[in-house]
Each structure stands twice: as structure tokens, then as C-alpha cells.
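This report refers to the structure that appears directly beneath it.
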Amino acid sequence: MKRFIKLTLASTALIVFACTDLDDDLEDSLTEEFSVEGVSTAGSGGNDGPLLSAYSRLRNGSGGNGGFFSSQGVTSDEMSVPQKGGDWFDGGVWIQLHRHTWDAAHPQVENAWNDAYGGIGECNTALDGGGLDAEQTAQARSLRAYYYWRLLDLYGRVKIVTAPGDNPSQADRVDVFNFVESELLAALGVPAITAGLDLSSSPLTTNINNYRINQYAALSVLAKLYLNAEVYTGTARYQEADWAATYVIDNSPYVLCGEGCTTPNSAKRPSVDSDPETLEGYAAVFAPTNENNPEIIWSIEYNSTGLGGLNFAQMTLHGPSQLTYGLDAAPWNGFSVLEEFYNSYEDGDARKEASFLVGPQTDFSGAALIDFAADDDDLQVVYTPQINELEPNALRQAGVRMKKFSFEVLGRADGNNDYPIARLGDIHLIRGEARARAAGDWSLSLPDVNALRARAGVGPLGSIDADGFLAERGKEMFQESSRRTDLIRFGKFQDSWWEKTNSDSFRNLMPIPVEQVNASEGTLTQNPGY
């Protein structure tokens, strides 16, 4: 299929510092058109319609420090939240996530549960209220299935509520898997995923709107479901994962954002020549102006003026970094990248440059960024790969910081970056892994792995095994709420890593929140081990 991208981008900024205050006249103009065989997404948005509330619920816990993001990331070998004296102790909840010692009363365990069921409730209300056309009904069922996929992945055994006020019995994990699969297949208008897939009867369209589910988004969720089917049900479904992913790759208009796929660098400081004017390729996929990025199939809409919740800059940066970007609030100095994970990247990998903030830091003018309350011998803020300890007194400057979802000059606490749920890079990895697992031959994953490595500017691999594939997947999918699920699928979630030795196998599932169990009057029972 012939594919082309037309991008017209313009940005101007004027920022003036005075001795005692900051006067800013920041004027940005952005005209962006993504055009594929006559289909344009210029100006498309997801901020209206009868499913607004159901989609809006996705923002809860997905791009911030609560709920799903923390459950997937802080429990993995990607990141941690070190305790810095009284900062970030919070009753030990972050240490418990990192060390795999959480219990059924853990707030993030409950937040992820409540966020998913809140979205399910909005979907059920929309479906029950009438007035939805066939496409909207298919979207609502697909969106509800995605919320249930989160519950399936985290908790396994949950109640399948399909109408307001329902109180069904607790379903086992296989039944939840079957429900998610059947809802997505119904939305796609097919009885099963096959090699010769015909979606002509699907009520979902192929229209491109990153904030709404189309055929390709539904197939992407199905591909992820099938990739993990052996974990969820005991029965492998790798062939179906391959077919679903291949259909998206071969038939959709989405393309990997590579050379020539650019967007303005919103973190460009006018007086700092080393700051690039634009972000290109991988970095552009996650920029604050990524709403029409050609790689993104389905994303969560965030912005700083009413659609808040993505606060990565606040979560990860040290307080003095407020002066680097002229942020309107001091960051919280929490989430840091584990040294071993950071070191797994090759030098020259564009994903390493795009994803991490490390080394000596500078202020808005490019001068050394100073922390006058530094707890080491160097007043300049220097983000170091090594973290001295998880608790109780981690150094405030220790740890590489997350910047994959890049920052903005004069940014607010809530970022403007949209958060991908499905993107083509992930679909390539799903296809590569599914083919390798189905045939028992990891070399079959190399074409998809090497396509992503080429985009990242590193040479192709000549051979690969399961551990090598997991490492490649980690480099591509960092900070995208994938790592916990991936480690479980590869049998690595019980492994030891920095400051984590617990290997309890029952922790592959989160506990059912204790408040939910207590309120259920016996209709919810706890997962084994808790």
C-alpha cells in the first residue's frame, strides 16, 4: 500500500527573563496534517460525542503516578520511587511495589481496580441509555473490553458487569479472557481471527482518529490479548496474535515515525544552542505535539487546559529542574530509572537519547543548574545512573530521569503529550514475538526487531534469543505500561533486580482490593497468596 506523510509545522517562541520576574510571550502556531491516500486527520479530536465520559476515564491512572501506570512500571525492573528522607515514603507504598511486598490494602492496587471499573460503568451507561448507532455501540463494547483487559491482566478473577446495577458472581480468569475476546470479535464483525481476515461486516470504521477505536485499534488490543493468552488461560494463541498484528501492519495507513517524521521540540530553550529545534523519529512519537503522529493507532488524550492527568515532569524531575524549563510548579523528584535498565541500551540508540535525562543539568539560559540544598559534594544537579539506596535516604540527584514523554518550556503541571495505548512499533514487536513463539524459533522475530532498531539508528542483530528479545522490547516500550506484563510472559517477574529479591509466584496477580472483598458480602474472594 502506498503511504505518505505530509507534515507542515511552524513554531515561534519569545521568552524574556528579567532580574526579578519572568515575562513571557510564548506564541506557538502548529498546523499539522497527516494524509494517507486521501484520508486526513487534520484537526481531528476526541472531545465530543456520547462516549466522551467513557473515553475520558482512560486518563485516570494511565499517565500519572497512580493506578495502572505505577502497577505496571514500579513493580518492574524499569523504574523505582526511592525514599528521600520524608519525601516519597508515603507509608512505604512505593517501596512495597518495588520489592513485591504489597498487600490487598495497597492504594495503587485499589486505584487501578477503581479506574477500570469506573470506565466500565461509563461504557455500560452509554450502552444502556440507547441512542448509540452501530459504530458507537461497537466502540463502547471495544472500550469496555479494553478496561476488562486491564482487570484480566492485573487481577484475573473479576466480576463481568455489563449493565448498570448488575452484581454478577465473580468470573474466573478464563471466562474474563473469553468475554474480552468475544466483545472485540463482535465489534470487528468476525467469529474468529484468521489469516484471510475480512472486516467488511465490522460496524467499526477505518477512519483515523487517535482518540477513538477503529478496526485497527480493536485488532491491536486483540493481538495483545492473544499474545498473553497462555498466561491468562494456559492455552497459547500465538497464531491469532500474529494474524491480528499482521493485518494491522499490512492494511492500515499507520507507519513507523522515522527519518523525516518531525515535530517542534517543545522543550527548546531559545538561548541553548544544544537543544534541537525539532524532534524526529522515535522522539516525535511521544512529544507534546503528538496528537496526529502517524505511528499512533489509539491514544489517550491529555492536555494542560482541562484534560489533565499526565504529569511525568512533576513525577520524575528534581525540584531545581523547574528552572531548566521555566515550569509553573516545582517537580516532586520521585520516579527514577533503574541503573541496569538504563545501561541495557547501546550508545547511539535514539531511544536512549529520547527516553532519559542524565548527567549535569543546566538552567533556562544553559548555565549550571544549582541545588543549594544538595546532599552530596556537588552543588550542580547531576542525574547519576547509580542510586545509592531505595530507602531511607536516597540522594536527591540520584537516578536517571524519565523524559520519553518530553517536556515543555513554560510547561504546566499537566502535560500535553497524548499517551499511546496502541502504536505500530508495539504491533511489530507483538508480531515478531508471536511468530517466534509459535514456531519455537526466535530468529523469526528478527525482521520486526531490526525494523525498530533501524529506526533507532543502531545496526541489525544477526541472531536473537528470548532474553535478547525481551531486552529489545524493553528498549522500545519503556514507560508505556508494558513491562510488568512482559516480565510475567517471559517468566522473569520473580527474578531479583536492584533492591528486589522477593520471588513469590502468586504476585503475578495483584490482590483483589480488600475494601472490595469486604463490601462484596462474599461475592468476591481473594486471589491465592494474599
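With respect to the numbered conditions (1) part of a helix (DSSP H, G or I); (2) in contact with a strand residue (DSSP E or B) (Cβ under 9 Å, 6 or more places away or on another chain), which one is the sole condition not fulfilled by Asn207?
Status for Asn207: all satisfied but (1).
Looking at Asn292, Asn265, can you tell me which residue is in contact with a Leu (Cβ under 6 Å, 6 or more places away or on another chain) and crowded, with 20+ Cβ neighbours inside 10 Å?
Asn265 is the lone residue from the list that is in contact with a Leu (Cβ under 6 Å, 6 or more places away or on another chain) and crowded, with 20+ Cβ neighbours inside 10 Å.
Do you know which residues across segment 210-232 are in a loop (DSSP other than H, G, I, E, B) and among the aliphatic types (A, V, I, L, M)?
Ile213, the sole residue that qualifies.
Here is a check on your reading of the model: is Thr305 modelled with pLDDT under 95 and surrounded by fewer than 18 Cβ atoms within 10 Å (Cβ to Cβ)?
Here the answer is yes, as Thr305 does meet what is asked.
Considering only segment 411-425, how many residues are charged (D, E, K, R) and surrounded by fewer than 24 Cβ atoms within 10 Å (Cβ to Cβ)?
Looking only at that region, the number is 2.
Taking into account only those residues within segment 367-420 that are hydrophobic (A, V, I, L, M, F, W, C) and not in a loop (DSSP other than H, G, I, E, B), which is farthest from Gly85 (Cα to Cα)?
The selected residue is Ala368.
Do we have any residue at all in segment 507-515 that's surrounded by fewer than 19 Cβ atoms within 10 Å (Cβ to Cβ), out of contact with any Gly (no Cβ under 8 Å at 6 or more places or on another chain) and more than 30 Å from Asp166 (Cα to Cα)?
no
Any idea which of Trp298, Trp243 is in a strand (DSSP E or B), modelled with pLDDT of 95 or more and more than 30 Å from Ser321 (Cβ to Cβ)?
So the residue among Trp298, Trp243 that is in a strand (DSSP E or B), modelled with pLDDT of 95 or more and more than 30 Å from Ser321 (Cβ to Cβ) is Trp298.
Out of the residues in segment 228-237 meeting the condition of being in contact with a Phe, Trp or Tyr (Cβ under 7 Å, 6 or more places away or on another chain) and touching a residue at least 60 places away in the same chain (Cβ under 8 Å), tell me which one is surrounded by the most Cβ atoms within 10 Å (Cβ to Cβ).
Ranking the qualifying residues of segment 228-237, first place goes to Tyr232.
Filter segment 145-168 down to the residues that are in contact (Cβ under 8 Å) with a residue 60 or more places away in the chain and farther than 17 Å from Ser71 by Cβ, then identify the one that is farthest from the chain's Cα centre (by Cα).
Asn167
Output the residue which, of all residues in segment 118-144 that are more than 25 Å from the chain's Cα centre (by Cα) and acidic (Asp, Glu), is farthest from His100 (Cα to Cα).
Per the criteria, the residue is Asp133.
Just the residues that are in a loop (DSSP other than H, G, I, E, B), of a type in the set (S, T, N, Q) and surrounded by fewer than 22 Cβ atoms within 10 Å (Cβ to Cβ), please, taken from segment 312-351.
The one that is in a loop (DSSP other than H, G, I, E, B), of a type in the set (S, T, N, Q) and surrounded by fewer than 22 Cβ atoms within 10 Å (Cβ to Cβ): Ser344.
The values are calculated or read from the model by the stated rules, or taken from the named source; none is laboratory data. These numbers come from a predicted model, not from an experiment. Positions of Cβ are backbone-derived with ideal geometry, glycine not excepted, and every protein chain shown enters the neighbour counts.
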